[in-house]
Amino acid sequence: MFTAVKEEALCGRYSHCLSYYLSAVIEVSKAVQREVELESILSVIVEHTAVVMEADRCTVFVYDDEKEELWSYVGKGLNQNEIRFPVTYGIAGYAARTCQKANIPDAYDDERFNNEFDLKTGYRTRSVLCQPMINNEGTLVGVLQVINKKDGLHFDENDEMLIESLAAHVSIAIERAFLTEHYIENKKNQEMMNLSHDIQMGMLPNDFSVSKYVEIHAFISPTKEVGGDFYDFHFIAENLLCFTIGDVSDKGVPAALFMMMVKTLFRALSKKYTNPADILKAINSEIAEDNETMMFVTMFVGVLDINTGKLLYCSGGHNPPLILTGGGIAVELETDMGPALGLMGDANFKENTVTLDKDNVIFTYTDGVDEAKDGDGRMFTLKRLKHSLCRAHIGSLKALNDSVLAEVGQFTKDAPQSDDITILSVKYLGCTG
């Protein structure tokens, strides 16, 4: 932090000699350069400027171009933390609006002056000098204001020259502080997003060797560091593999938080219920309660009996998976499509059943796959996805998924990814007893 400045002229009583003028500018400039944080910089500016300008008070108003307001949360002699007002307001507003200096010998004789603060505090504003702060690009940074010249004098031409020079240094310091804070904030946000990504990915299973009777492979690629897609699988009984894939109706951190909640509920409730419809109903009941944001999630849940190949499955608004039986055949599973989860707490879900033969594959995916867009906005489509799967050899599931992703990539080329992409494939290897 800055050290207190002595309340005296820098070269004695001859306060407007050239030596004082140069020393004052250098003094404020050096003091400002020692600080990095915006709050500290504004405090230093206020403290030093009031002294070298021989003013009773000083305030730095920073311009908010989005709201077209001036604001300040520090001022010499002021007790309140922040002042904020539109640029149509007061003498400082005039200086900001017109980018012109305002030197007012008697504030109460000027119609632009607002005496509201004086009335509240009992303070008496007499003389006011406002200098707009303009950067090298000609953009308004703020307004430097001093009030009440000491000894009852008015601010003169020498004061105007001095505050103009001070304002040039102050504007640079303020912009430097904004850039520093912006850099630090971005770095913190990036670190937080990276941490969130690691936490989210850490919640998804990546050990696919769960049984000698099934092969599993999954892939996920969020459009941002974190997203709303997810998958999961685990055995809920010795012979029952429960798996799911889901897509939350948003992106970024809100979707990731919602996704984590849904996935946690899936793990817990799939241990209580063995039927997909009951699992979805229970999850829906939990997330629909107090869902003020009206976020929702589409989910597909399957329960595979590895002894028989019987697959019991249910869809909550999710696109139907494809079943690959070999020989270049990829067809959609028949589903009684239920509603997405989170919107209606009393929703019901219907199950379907299919019996898998040895080496049949269930290919589940989110709409980031079939709705992936190229540079002209055309979608990859379900038709292309089916053709891609039909052309692929059903060897390892990783090779199968990689083949699909490669075709999606060739289609979209350099177009930015428009949605999270997730694939979960399950291959039934048959049970030998």
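A few points about this structure:
- In this structure, Glu66 and Thr381 have a Cβ-Cβ separation that, at R0 = 51 Å, corresponds to a calculated FRET efficiency of about 0.80.
- Net length gained if the chain between Gln100 and Thr274 were fully extended (0.36 nm per residue, minus Cα distance): 55.1 nm
- Contact order for the chain, expressed relative to its length and based on alpha carbon pairs under 8 Å spaced 6+ residues apart, stands at 12 percent.
- Extension gain, Thr121 back to His154 (0.36 nm per residue minus Cα-Cα distance, nm): 9.6 nm
- Packing-based exposure ordering (other Cβ within 10 Å, fewest first) of Thr353, Thr412: Thr353, Thr412
- Dimensions (Å) - the chain, Cα atoms, principal axes, largest first: 104, 43, 38
- Highest average packing first - 366-377, 151-162, 316-327, Cβ atoms within 10 Å: 316-327, 366-377, 151-162
- Full extension of the chain between Glu181 and Lys212 yields a length gain of 5.7 nm, computed as 0.36 nm times the residue separation minus the alpha carbon distance.
We did not get these values from a lab; they are worked out from the coordinates using the rules stated. Note that this is a predicted model, so its numbers are computed, not measured. Glycine also receives a Cβ, built like all others from the backbone with ideal geometry; neighbour counts cover every protein chain displayed.
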